[in-house]
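Data block below; observations after.
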Amino acid sequence: MANLVETASQAGSFTTLLAAAEAAGLVDFLNGPGPFTILAPTDDAFAALPEGTVDALLQDVPKLKRILMYHVLPGEVLAENLAELEEAETEEGSVVAIEHGDSLKVNEATVTKTDILADNGVIHIIDGVIMPAMLAGGT
């Protein structure tokens, strides 16, 4: 089984996420023993951000790193575990809200696919880029 970075790369829909992880210096961390749970925004999710946002973040590595770490949960949190939580602490240090309604949501993003297993964790695909509360107001 591949690790998280290899698994995301093979999926083909996380080019922006992987480029951002590389720019932020997080690839080695995500290749580490983990386990980690990545709430992975697709390329379409990044493309939906206001124009220029991704480029601005790639130039602001500390902010980019915080945002990316906000998408990573410590440990392997499978869908059945997410379904039991109302919130989860992130590697960034703050908390994401988890909603259970017609669909599973993390903050304002909908989880579109769950439990993509890797040898050092699990990936859940989300349809939006989530922001820590302190950064949510601006870019």
Shape call for the range 72-131 from the C-alpha gyration tensor, a ≥ b ≥ c root eigenvalues: rounded (a/c under 1.5), prolate (a/b greater than b/c) or oblate? rounded
Suppose each label sits 7 Å from its Cα in the direction of the beta carbon; what would the GLU86-THR114 distance come out to in nanometres? 1.9
Set the Förster radius R0 to 35 Å, insert the Cβ-Cβ distance between GLU51 and ALA79 as r into 1/(1 + (r/R0)^6), and round the FRET efficiency to 0.05. 0.60
Out of the DSSP beta bridges found with both residues in the chain, what percent are antiparallel (nearest 5)? 75
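How much mean residue ellipticity at 222 nm does the chain get from its helices, if each DSSP H run of length 4 or more adds -39500 (n - 2.57) and you divide by all residues, to the nearest 500 deg cm²/dmol? Walk me through the numbers before you get to the answer.
Values: 7 runs with 47 residues, N = 139.
One gets -8000 deg cm²/dmol as the mean residue ellipticity at 222 nm.
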Can you tell me the FRET efficiency between SER94 and LEU58 if r is taken as the Cβ-Cβ distance and R0 is 35 Å, rounded to the nearest 0.05? 0.95
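Taking the Kirkwood radius as the inverse of the mean 1/r across Cα pairs, report the Rg/Rh of the chain.
Values: Rg = 13.7 Å, Rh = 14.8 Å.
Result: Rg/Rh = 0.92.
Values quoted throughout were computed directly from the atomic coordinates according to the rules given, and no laboratory measurement underlies them. In this text, all values refer to a predicted model and were calculated from it rather than measured experimentally. Ideal geometry is used to build each Cβ from the backbone, glycine not excepted, and the neighbour counts take in all protein chains shown.
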